[in-house]
1. Averaging sequence separations of C-alpha pairs under 8 Å and six or more residues apart, then dividing by the length of the chain, give the relative contact order as a whole percent.
2. Run the dipole for the chain about the Cα centre, Lys and Arg Cβ at +1, Asp and Glu Cβ at -1, nothing else charged, and hand back the magnitude in debye, nearest 20.
3. Just to be sure I understand the curve: with the Debye formula and one point per C-alpha of the range 10-66, what is log10 I(q)/I(0) at q = 0.26 Å⁻¹?
4. Could you tell me which of the pairs Lys135/Lys189; Lys173/Lys200; Lys43/Lys189; Lys21/Lys43 are separated by over 18 angstrom between their Cα atoms in the structure shown?
5. Suppose only helical runs count, i.e. DSSP H with n ≥ 4. What mean residue ellipticity at 222 nm does that imply for the chain under -39500 (n - 2.57) per run, divided by all residues and rounded to the nearest 500 deg cm²/dmol?
6. Size of the chain along its principal axes in angstrom, Cα-based, largest extent first?
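No value in this document is a laboratory result; all are computed from the given coordinates. Note that the structure is a prediction, hence the values are computed from the model and not measured. Cβ atoms come from the backbone with ideal geometry, glycine included; neighbour counts cover every protein chain shown.
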Amino acid sequence: MSHLLEIDNLSVTFGGLHALKELNFHVDEGEIVGVIGPNGAGKTTFFNMISGMVTPTSGDIRFEGESLLGLDPNQVTQRGIARTFQNVRLFANMTILENVMVSQHCRTKQGVWGSLLNTAGFRREEAEIREHAEKVLGFFGSRLVGYRLEQTASVLSYANRRRLEIARAMATKPRLILLDEPVAGMNPKESAELTELIGKLRTEWGFTIVLIEHDMNVVRDVSDRVVCLDHGETLAQGSFEEVSSNPDVIEAYLGRPLEKQS
């Protein structure tokens, strides 16, 4: 059976240094795969290459059996892959609703002339985009709907900005969502709430998910499978229990244990 996303011998070099080295990776439809590793392990570079922001030095990335190499980020989104970022990237001066509506641009069919002439087709599509945006925002309960729809993103709390960024990814109608440290900077209560939502992204919306995360509680609670990267290479993979107890993984996170002095 072919994988939804398959990466073969992927390498990227910056100034002679390997950010990723002959990396092999896959995710099957309906899976949630957690990617962990110490700082500098190559995790964000990994996401940047999948999403078309970085060109690999060698190797291949295939989604639904077709290569993604040579596609720009917008084309990758059109193919069905959406992502969030470690540092939240929103249009701060646009409303919450506008942030989600504009993310659907990659799916629109009406062109510039339809917008300028305000054609019936343009108005119909705009109404559909708004309806879908409101449905997506409703997934997060009362936090991003009602009077908040017309508030600018700049007034949101940090946790709600995170939610809005996930909403924008959802609105592109992807098959695969890449979440880059979704609970970074959140308190334990906020992290627990978002962990539950990540599970619902699959059970209620049918998304396949790959997430980079340092919070091991989140990784444990949502991941079907865990992959640990270190220095751009796969250090270990398997269930959370297998990976978290792997001596090489423990060493990569905590450093080599001191030898006993005689």
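1. Value for the chain: 27 percent.
2. Details: 27 positive and 35 negative charges, 203 e Å.
So the magnitude is around 980 debye.
3. Log10 of I(q)/I(0), two decimals: -1.26.
4. Lys135/Lys189; Lys43/Lys189
5. One gets -10500 deg cm²/dmol as the mean residue ellipticity at 222 nm.
6. Taking the Cα atoms of the chain, the three principal extents are 81, 41, 37 Å.
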